[in-house]
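Novice: Dropping the structure in here first, questions after.
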Amino acid sequence: MSEHKNPFLEPYGTLHDTVPFDRIRLEDYEEAFMEGIRRDNEYLEKTINNPEKPTFDNTILNPFDEGDGYYDLLDRVSTVFFNLLSAETNDDMDALAQKMQPILTKHANDMRLNPQLFERIRKVHLHHRRLTPEEQMLLNNCYEGFVRSGALLDEEGKARLRQLTEEASMLSLQFSQNLLKENKAFTLEITDEAQLDGLPDTAREAARQTAKEQDKEGWVFTLDMPSYSPFMTYSTQRELRKQMYMARNTVCTHDNSENNIAICKRLINLRREIAQLLGYKTYADYVLKRRMATNVRHVYRLLDDLVDAYKPTAVKEQEELKKMFKKDNSQLKMQPWDAGFYTHKLQMKKYNLDAEMLRPYFELSKVIDGVFGLANRLYGITFKENKDIPVYHPDVKAYEVFDKDGSYLAVFYADFHPRKGKQGGAWMTEYQGQWITKKGENVRPHVSVVMNLTKPTDEKPALLTLGEVETFLHEFGHSLHGMFANTRFESLSGTNVWWDFVELPSQFMENFAVEKDFLRTFAFHYETGEPLPDELIRRIVKSRNFMAATACLRQVSFGLLDMAYYTQREEFTADIPTFEKRAWKKAILGEQLKDTCMTVQFSHIMAGGYAAGYYSYKWAEVLDADAFSVFKRHGIFDRKTAQSFRDNILSKGGTEHPMTLYKRFRGGEPTIDALLKRNGIKRGKM
């Protein structure tokens with residue numbers, strides 16, 4: 001038996017240098033982390049002791065972009081480990097994360113707070129010779145990154161910043177681990193078939209399959225969206241809907257070790273104190289300095305404008321819903337666990353449209369063909385599955401991506417279904433970014449989309465809802481941003497852009513989901529091969545804005561909550577559930593239940609990088625509606641328009657200010673008009 005070699009410590013030797021998941025053992029991570037830190041420290045010493053005058057080349061440039069097998073070991077192992085911590089974790093991985101997180105945060109602080117290194121960077125920033133625009137952007141980002149990480153603080157301030165950042169990184173990790181455990185801990189077990197009343201066959205079969213996987217009798221429902229959402233939409237069992245709703249909306253509030261309330265409160269205060277230590281009034285002020293929105297006032301103006309524009313329509317939508325509820329329940333009061341059920345009934349009444357009617361036409365393999373076909377039609381790129389590329393779980397598919405001229409463009413991983421060690425939601429990530437080495441080699445990216453879509457069962461293949469098709473398109477939009485990256489520096493490539501710009505490519509792609517010409521390319525009945533009927537497409541298009549105002553206010557409410565936490569100037573001591581209900585009240589239409597709490601499961605703003613940035617989704621929605629209006633004018637598959645979108649936005653990463661890139665594509669700044677038109681909202685006073 002040959003001796004095991006740590007795959008992180010040598011060239012991978014795989015096709016396109018992809019991660020050899022099949023060769024990685026748990027013990028390899030810690031060894032590689034520690035060796036990566038050692039190499040970083042060695043480079044740091046070499047840089048700060050360099051007797052030569054500081055220059056862009058000898059101080060700013062990454063020493064690992066030489067090509068010929070050079071690589072940043074710490075970045076390599078961190079990328080794999082933390083990606084899998086979200087997509088395929090277990091107790092041993094969680095324990096190792098708890099052990100390594102403070103070590104890694106300390107190391108990052110050691111680099112960013114090193115006075116000799118910063119002095120060299122400062123000198124280059126002040127006295128550099130002529131640079132290209134991209135080099136200038138890298139230099140500015142490097143200098144500002146050090147300043148925003150505390151390089152200008154005195155020793156006492158740096159020591160305090162270390163304490164705050166190390167504690168915050170540990171609490172963010174704990175938040176995520178608690179949420180995963182709580183979400184996976186709950187199951188609704190049903191053995192009486194009568195209690196399945198109203199549920200479609202797809203939901204029953206999936207619940208039967210889950211029960212079988214857990215060695216249980218009957219049917220098992222979970223808080224994973226492919227299980228939870230159909231139950232809340234179709235189940236006639238009001239008490240069971242209540243049980244599911246309360247389980248999902250009270251996770252991490254219980255009196256146990258997974259309670260996130262104290263963690264959230266502490267994270268809010270840690271971030272406030274970090275910002276104030278760095279000279280900002282609030283954490284939001286700190287964050288928005290590097291955003292398109294630029295300041296708190298502009299964010300609130302957007303959110304308030306949306307409330308003003310959408311609330312009158314949302315009120316009418318809710319009144320219509322309550323009216324339908326009252327017909328069935330004259331003596332009862334409508335509750336949140338009734339919303340999904342009666343929204344579905346109302347949609348059936350108004351449009352005779354139902355997610356289950358569409359499922360047979362959205363078989364996963366055909367949806368994949370459709371999404372890949374769309375990318376081919378727009379940009380000329382092709383996808384070829386390659387089973388020789390190692391993957392981290394049998395559910396994951398790996399593809400080689402080729403550009404329109406046939407050249408290799410990227411590796412694309414797709415991870416579709418929920419499972420025990422996987423966080424909920426959907427996201428895009430990378431296992432390798434794109435950059436161009438000093439020798440001119442264009443290192444191509446390895447991107448991954450991770451989702452929680454409906455699983456196949458013994459009876460049927462994976463049949464998706466239209467909403468799941470939109471989710472796939474959304475994450476695929478992010479992946480195109482990564483795959484088309486074509487910049488010199490990895491830290492400026494792909495999705496390395498300002499947070500309120502990063503959602504533009506993803507939300508832009510969602511527009512295609514309701515376009516007849518796109519649906520015609522892949523939506524065929526999985527059994528008969530019949531295309532999605534024109535009448536169903538007509539109903540999809542007609543119902544596109546069904547409950548659009550309610551959905552908009554829901555997103556705005558999350559943005560308001562986020563801003564309320566991160567515009568705090570004094571120590572935050574409020575009761576979180578009470579504060580939450582007050583913070584987003586102007587965007588909430590129904591009564592709020594005392595025991596429910598969103599904050600404790602709001603990963604985006606507590607552990608996902610969106611703190612003081614959740615408004616980005618609505619900000620980018622204005623951009624995506626405006627951008628798609630160009631395609632609508634020229635044709636949704638217009639190659640020339642698509643090439644402009646690729647050249648000016650998707651390939652440029654963070655090499656220029658995002659508004660500069662957008663205006664170059666659009667010919668001017670965006671307005672809210674296209675979004676209002678798309679949602680069928682008549683513009684009031686804005």
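The values are calculated or read from the model by the stated rules, or taken from the named source; none is laboratory data. Keep in mind that this is a model prediction, so the values were computed, not measured. FYI the Cβ positions are ideal-geometry reconstructions off the backbone, even for glycines, and counts take in every protein chain you see. These area figures cover heavy atoms from the full protein model, side chains too; ligands, DNA and RNA do not enter into them. Shrake-Rupley method; radii C 1.70, N 1.55, O 1.52, S 1.80 Å.
Novice: Points 7 angstrom from Cα along the Cβ direction at Glu459 and Asp395: gap in nanometres?
Specialist: Between Glu459 and Asp395, the label points sit 2.1 nm apart.
Novice: So, one more: Between helix 225-234 and the chain, what is the angle of the helix's C-alpha long axis to the longest principal axis, kept within 0 to 90° and rounded to the nearest 10?
Specialist: Taking the Cα atoms of the chain, the angle to 225-234 is about 20 degrees.
Novice: If R0 is 45 Å, what FRET efficiency do you get for Leu26 and Asp192 from their C-beta distance, rounded to 0.05?
Specialist: 0.60
Novice: Summing +1 for each Lys or Arg and -1 for each Asp or Glu, what net charge is found among the other residues whose Cβ lies under 13 Å from the Cβ of Asn183?
Specialist: Computed value for this residue: +3.
Novice: With angles folded into 0 to 90 degrees, how steeply does helix 548-566 sit against the dominant principal axis of the chain? Use alpha carbons for both and round to 10.
Specialist: Between the helix axis and the principal axis of the chain, the angle is about 40 degrees.
Novice: Please give the per residue accessible area of the chain, computed with a probe of 1.4 Å over protein heavy atoms only, in Å².
Specialist: Per residue, the chain has an accessible area of 44 Å².
Novice: Using a 10 Å cut-off on Cβ atoms, rank the peptides 490-499, 636-645 from the highest mean neighbour count down.
Specialist: On the way: 490-499: 22.6, 636-645: 17.0.
My ranking of the peptides, most packed first, is 490-499, 636-645.
Novice: Quick one: length gained pulling Leu9 to Glu42 fully straight, 0.36 nm per residue minus the C-alpha distance? Working shown, then result.
Specialist: Numbers: separation 33, 0.36 × 33 = 11.88 nm, distance 1.61 nm.
Full extension from Leu9 to Glu42 adds 10.3 nm.
Novice: What do you reckon, how do Val630, Val147 stack up by accessible area (1.4 Å probe), largest on top?
Specialist: Values: Val630 15, Val147 40 Å².
Result of the area sort, largest leading: Val147, Val630.
Novice: On a 0 to 90° scale, report how tilted helix 336-351 is relative to the longest principal axis of the chain, with both axes built from alpha carbons and the result rounded to the nearest 10.
Specialist: Once rounded, the angle reads 70 degrees.
Novice: Next up: Simple spin-label model, 7 Å along Cα-to-Cβ: Glu319 to Lys404 in nm?
Specialist: Simple spin-label model gives 5.1 nm for this pair.
Novice: Would you tally the net charge around Val287, using a Cβ to Cβ cut-off of less than 15 Å, leaving Val287 out, and scoring K and R as +1, D and E as -1?
Specialist: +4
Novice: Would you please state which residues of segment 567-592 a label at Asn295 would reach in this model, taking the label point 7 Å out along Cα→Cβ and a backbone N cut-off of under 18 Å?
Specialist: 567-569
Novice: Using the Cα atoms as the points, what is the convex hull volume per residue of segment 1-45 in Å³?
Specialist: With only Cα atoms used, segment 1-45 gives 92 Å³ per residue.
Novice: Out of these labelled values of Rg and Dmax of the Cα atoms in Å, [x] 25.4, 84; [y] 27.1, 82; [z] 29.6, 94, which was calculated from the coordinates shown here?
Specialist: Recomputing Rg and Dmax of the Cα atoms in Å here gives the entry labelled [x].
Novice: May I ask for the percentage of alpha-carbon pairs in segment 537-686 that lie more than 20 Å from each other? Provide the component values of the computation, followed by the final result.
Specialist: Details: 6853 of 11175 pairs.
So the pairs more than 20 Å apart make up 61 percent of the total in segment 537-686.
Novice: Related question: Which FRET efficiency value, to the nearest 0.05, is calculated for Asp154 and Arg582 with the Förster distance at 60 angstrom and r the Cβ-Cβ distance?
Specialist: 0.95
Novice: Loop only by DSSP, 16 or fewer other Cβ within 10 Å of the Cβ. Give me the trypsin sites (Lys or Arg not before Pro) in segment 446-527 that pass, ordered by residue number.
Specialist: Values: sites: Arg488, Lys516, Arg520; in loops: Arg488, Arg520.
Hits after loop and neighbour filter: Arg520.
Novice: Name the shape class, rounded, prolate or oblate, that the alpha-carbon gyration tensor gives for segment 611-686, where a ≥ b ≥ c are the square roots of its eigenvalues, rounded holds for a/c under 1.5, and otherwise prolate holds if a/b is larger than b/c and oblate otherwise.
Specialist: oblate
Novice: How would you classify segment 277-354 from its alpha-carbon gyration tensor, with a ≥ b ≥ c the square roots of the eigenvalues: rounded for a/c under 1.5, else prolate if a/b is greater than b/c, otherwise oblate?
Specialist: It comes out prolate by the Cα gyration axes.
Novice: Only loop residues by DSSP count here, and only those with at most 13 other Cβ atoms within 10 Å; note down the GluC sites (Glu not before Pro) in segment 586-676 that meet that.
Specialist: Glu591
Novice: Now for a separate question. Only loop residues by DSSP count here, and only those with at most 13 other Cβ atoms within 10 Å; note down the GluC sites (Glu not before Pro) in segment 209-294 that meet that.
Specialist: Glu217
Novice: Still on this structure, please answer the following. Counting Lys and Arg as +1 and Asp and Glu as -1, what is the net charge of the other residues whose Cβ lies under 12 Å from the Cβ of Ser365? Walk me through the intermediate numbers first.
Specialist: Details: positive: Lys366, Lys397; negative: Glu363, Asp369, Glu385.
Once all neighbours under 12 Å are counted, the net charge is -1.
Novice: To continue, here is another question. By the gyration tensor of its Cα atoms, with a ≥ b ≥ c the square roots of the eigenvalues, what is the shape of segment 469-588: rounded for a/c under 1.5, prolate for a/b over b/c, or oblate?
Specialist: Since a/c reaches 1.5 but b/c is at least a/b, the shape of segment 469-588 is classed as oblate.
Novice: Same structure again: What nm value, rounded to one decimal, do you get for the distance between Arg554 and Glu669 when each label is placed 7 Å out toward the C-beta?
Specialist: 3.2 nm
Novice: Something else about it: What value does segment 279-420 have for Rg/Rh, both radii from Cα atoms and Rh as Kirkwood defines it?
Specialist: Ratio of gyration radius to Kirkwood radius for segment 279-420: 1.13.
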